[in-house]
Amino acid sequence: MNVPFVDLSRQYAPLLPEIQAAMTRIIKRCAFIIGAEVKEFEDHMARWMGLPQVCTVSNGTHALYLTLKALGVGPGDEVITVPNTAFPTSEAINLTGADVVFADITPGYFNLDPGAVERAITPKTRGIIPVHLYGIPADMDAFNALAGRHGLFVIEDTAQAMGARYRGRKAGSLGTAGCFSFFPSKNLGAFGDGGAVASADPELIQKVRMLANHGRKEKYTHEMIGTNSRLDTLKAAQLSICLDCLDDWNRERRKAASLYDELLEPFEEIGRPHVPQECEPIWHVYVIRYEKRDELAAFLKERGIRTGLHYPLPLHFQPAYASLGLGEGSFPEAEKACREVLSLPMFPKITPDEVRAVAAAVGEFLKGRKKAG
Ligand SMILES: Cc1ncc(COP(=O)(O)O)c(C=O)c1O
């Protein structure tokens, strides 16, 4: 059985008439920039988050970058984050002129280690960016406590965790600000790029809003240097329709993850994702660990099963960070994770038969290896 890594068409098929009607209305009105639908979506998302305000921007990278700018981060500052994340997390820090400081992840878990963060704090540290990687919340109590003790901000990189909960509260509403990506394959995906910033602090949101619109509140008065990072009206309308489905889609992902858990449990060689008790993940991706993951991925591909890698190279090994001089062994847990992780097919409309086919193929691979070895 062929199993795609992600199939968006299945989730959009029943929504297309509604989305097309909304888009036709906007096209007839020709209000493509900051049309009414942008505010409608922001209000909708704010209600869904349980926060007073949300500001949309043009992508998740800018959500992080503009939040950092709004918090006054710039040259001479340091911001701490993980090396096993998408490149934009650290890139956003560099875009402000500040320095990225990496800290390792907790063993057996894919998220930032609070102990490692504390050791990385210097007088130049302004804040921490924990990433809720794969849709599993990071240890927010620990980061908020650290931030309180050292006078730091905490920006949650919630790009992969929209709808996840930590001690019953939504990821992205737990720190100074939460930054979201609506990249098409994210749990809430746009028909193109998109992003948002959520915060309980109305001044911070107002500043991000101005920065995303050339530093202005009013049409002809620019109070600061900003940029153009607005979410298109067409995408806002589509996202608002899809947001009504997000809780269901996340439930479907949870069901698929439970089935993977159950079916993979007998395979001792395979590391299944660890979920701390206080976390309710939303399985942006379902990631297993296995020493020979490239061989397993190749075997699955031969059988028509597509997999992904999140992420094969820790950020400190990226050519763009060569000048940091961080060699092998700098962050051993993150480096090991990058060598072993393999993302299995995961999307809301994946069928139980597809999950079973993936698990059966993993079993077949392991059996073959045992026989050969
Ligand atoms: C963890 C993480 N942070 C930030 C981003 C950046 O989001 P975008 O692609 O919308 O710029 C992504 C998405 O690629 C991501 O997965």
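The values are calculated or read from the model by the stated rules, or taken from the named source; none is laboratory data. Note that the structure is predicted; figures quoted are calculated from it, not measured. Cβ sites come from the backbone with ideal geometry, for glycine too, and all protein chains shown count toward neighbours.
Please work out if ARG306 is surrounded by fewer than 19 Cβ atoms within 10 Å (Cβ to Cβ) and touching a Leu at 6+ places or on another chain (Cβ under 9 Å). Answer is yes for this residue. Counting the residues of segment 67-83 that are more than 10 Å from the ligand (Cβ to nearest atom) and under 30 Å from GLY308 (Cβ atoms) gives 5.
In segment 223-239, what count of residues is obtained for those that are surrounded by 15 or more Cβ atoms within 10 Å (Cβ to Cβ) and part of a loop (DSSP other than H, G, I, E, B)?
5
Scanning segment 153-191 for residues that are within 10 Å of the ligand (Cβ to nearest atom) and either touching a strand residue (DSSP E or B) at 6+ places or on another chain (Cβ under 6 Å) or not in a loop (DSSP other than H, G, I, E, B) (or both) yields a count of 8.
At least 3 residues being over 12 Å from SER240 (Cβ atoms) is the threshold, and among the helices (runs of 4 or more DSSP H) wholly inside segment 1-55 those reaching it are 8-12, 16-29. Applying the criterion of being charged (D, E, K, R) and buried (at least 18 other Cβ atoms within 10 Å of the Cβ) to the residues of segment 136-164, the residue that is nearest to GLY195 (Cα to Cα) is ASP157. Of GLU340, GLU364, GLU328, all but one fail to be closer than 16 Å to TYR290 by Cα and either surrounded by 17 or more Cβ atoms within 10 Å (Cβ to Cβ) or over 25 Å from the mean Cα position of the chain (by Cα) (or both); the exception is GLU364. Can you confirm whether ILE128 is under 30 Å from HIS214 (Cβ atoms) and either within 13 Å of the ligand (Cβ to nearest atom) or outside any helix (DSSP H, G or I) (or both)? In short, yes.
Pairing each residue of segment 56-75 that is within 12 Å of ILE93 (Cβ to Cβ) and among the β-branched types (Val, Ile, Thr) with any residue that is at pLDDT 95 or above and more than 16 Å from the ligand (Cβ to nearest atom), provided the two are 6+ apart or on different chains, yields C-beta distances under 7 Å for VAL73/ALA98; VAL73/ARG126.
Considering only residues that are among the β-branched types (Val, Ile, Thr) and either more than 16 Å from the ligand (Cβ to nearest atom) or not in a strand (DSSP E or B) (or both), which ones fall in segment 192-222?
Answer for segment 192-222, where residues must be among the β-branched types (Val, Ile, Thr) and either more than 16 Å from the ligand (Cβ to nearest atom) or not in a strand (DSSP E or B) (or both): ILE205, VAL208, THR221.
Can we say GLU118 is within 11 Å of the ligand (Cβ to nearest atom) and modelled with pLDDT of 95 or more? Spelling it out, it is not the case that GLU118 is within 11 Å of the ligand (Cβ to nearest atom) and modelled with pLDDT of 95 or more. A Cβ distance below 6 Å, combined with a sequence gap of six or more or placement on separate chains, defines the contacts here; from segment 150-175, residues that are more than 13 Å from VAL131 (Cα to Cα) and modelled with pLDDT under 95 reach no residue that is of a type in the set (Gly, Ala, Ser) and more than 15 Å from the ligand (Cβ to nearest atom).
Tell me yes or no: at least one residue of segment 6-13 is among the hydrophobic types (A, V, I, L, M, F, W, C), farther than 30 Å from CYS338 by Cα and surrounded by 18 or more Cβ atoms within 10 Å (Cβ to Cβ). No, every residue in segment 6-13 fails to be among the hydrophobic types (A, V, I, L, M, F, W, C), farther than 30 Å from CYS338 by Cα and surrounded by 18 or more Cβ atoms within 10 Å (Cβ to Cβ).
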